[in-house]
Structure formats: structure tokens, C-alpha cells
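Encoded as C-alpha cells, the structure appears first; notes follow it.
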Amino acid sequence: MDFYEVVKKRRSYRFYKPDMIPEKDKVDRVLNAARLAPTWANMQGVHYIVVQKPEKVKMIWKAIDQKDKFSNAPIFIVGIIKETASGINKAGIKYYTLDFGICFEHLILAATVEGLATCWIGIFDEEKIKDILEIPKKYRVLGITPLGYTIKEKGEISDRLSLEEIVHYDKY
Ligand SMILES: Cc1cc2nc3c(=O)[nH]c(=O)nc-3n(C[C@H](O)[C@H](O)[C@H](O)COP(=O)(O)O)c2cc1C
């Protein structure tokens with residue numbers, strides 16, 4: 001799949017086949033794509049927790065608490081980073097969330113190439129997630145995605161602003 005096809009094919013999938021565990025080599029390739037992402041001064045602060053024990057997967061769904069929106073997936077990838085594991089620019093902007101976003105998007109695009117569905121989930125009970133997965137206090141949980149096979153493929157993306165609305169040449 002060429003890059004532009006991958007970008008067009010990636011969608012947020014919320015309904016998964018519950019029993020299909022993605023093959024380990026697929027999951028490893030997806031994680032490796034995240035590992036190769038660029039980060040501030042190559043600090044590589046993002047860690048990934050693969051949640052695959054059924055009882056823990058259930059607990060994560062509960063901590064996400066967006067019940068009607070999703071149906072069970074067999075695996076979650078939970079992404080975490082410490083605030084101190086990235087830089088701060090001259091304007092005082094902390095880059096750890098950006099580092100995280102780049103890594104997690106690499107992961108999501110690689111999953112698309114592997115034929116696996118994802119949905120970046122940003123709304124969840126962070127303390128519950130940290131408790132369930134025994135994540136040290138200093139880490140922030142910035143993204144969670146189910147990883148699995150969708151019940152139904154989605155069509156092409158059609159709800160984006162046009163280039164004319166967002167691209168500016170030489171001045172705003
Ligand atoms: C940082 C981030 C957080 C998100 N959090 C949630 C979430 O908590 N629940 C959810 O259903 N979708 C969530 N989404 C998915 C977006 O709603 C989705 O990407 C957007 O509507 C565009 O749809 P598409 O991904 O299918 O192209 C999140 C996406 C991003 C990038």
C-alpha cells in the first residue's frame with residue numbers, strides 16, 4: 001500500500017470482532033513503526049503497553065467508559081510518556097505531547113498497512129488505567145487504541161476542510 005493510500009484508508013474504527021487476536025508479527029511490526037518515529041532530541045520517551053489478557057482488556061473498556069460508542073476488541077495498545085522525557089521550546093511549549101502524537105500516529109498508520117483497525121481514544125479515566133496497568137505515577141497516559149479486525153470497513157474520508165480553507169501562501 002503506498003503512503004497516500006494508507007493515509008486515505010486509516011479511519012477510526014469502533015466496532016471490532018471480539019475473538020480475533022492479531023498475529024504477533026503484525027503487532028510487533030506496528031510497535032516497531034512507532035519505535036522508529038522522530039522525537040525531540042531523539043529522546044524516545046514513549047512506552048507502549050500491549051493489553052491482551054481478556055480480564056485486563058475488559059477493565060480497560062470500563063475505564064474508557066464510552067459504552068455505546070464501542071464494541072469489544074481483543075487487544076489495546078496504551079501509550080504513555082513522562083513529561084520530562086521530551087523538551088521545552090523557547091516559547092515554553094512542552095513537546096512531550098507532540099512526541100507522543102508522532103509516535104502514536106506512526107503506530108496507527110502501520111496498523112492500517114497491516115489491515116488492523118484502530119481508534120485513537122483520548123477520553124478515559126487516567127487514574128484507573130494507571131492502576132490497572134501498574135503504570136508509575138510520573139507517566140501520563142495520552143492515547144489508547146483498540147487493535148483488531150473491524151466488523152465493517154469504512155469508506156473514504158469526506159468530512160475534512162478543503163485545502164483552500166487551511167493552506168496559506170506567504171501570509172495568513
Ligand atoms: C487525539 C485524539 C483523541 C481521540 N479521542 C477519541 C475518543 O475518546 N473517542 C472516540 O470515539 N474517538 C476519538 N478520536 C477519534 C476522532 O473522533 C476521529 O479521528 C475523527 O472524528 C476523524 O475520524 P476518522 O479518524 O475516522 O478519520 C480521537 C482522535 C484523536 C486524534
Between region 148-172 and region 1-79, what's the alpha-carbon centroid distance in Å?
-> 21 Å
Between Ile102 and Gln66, what is the label-to-label distance in nm when each label sits 7 Å out along the Cα-to-Cβ direction?
-> 2.5 nm
Any idea how far apart Lys152 and Arg29 come out in nm if each label point goes 7 Å out from Cα toward Cβ?
-> 2.8 nm
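How much length, in nm to one decimal, is gained on full extension between Glu55 and Glu126, taken as 0.36 nm per residue of separation minus their Cα-Cα distance? List each step's numbers first, then the result.
Values: separation 71, 0.36 × 71 = 25.56 nm, distance 1.82 nm.
Taking Glu55 through Glu126 to full extension adds about 23.7 nm, to one decimal.
Where a number appears in this text, it was derived from the coordinates with a stated rule and is not lab data. Only a predicted model underlies this, so the values are computations on that prediction, with no experimental measurement involved. Ideal geometry is used to build each Cβ from the backbone, glycine not excepted, and the neighbour counts take in all protein chains shown.
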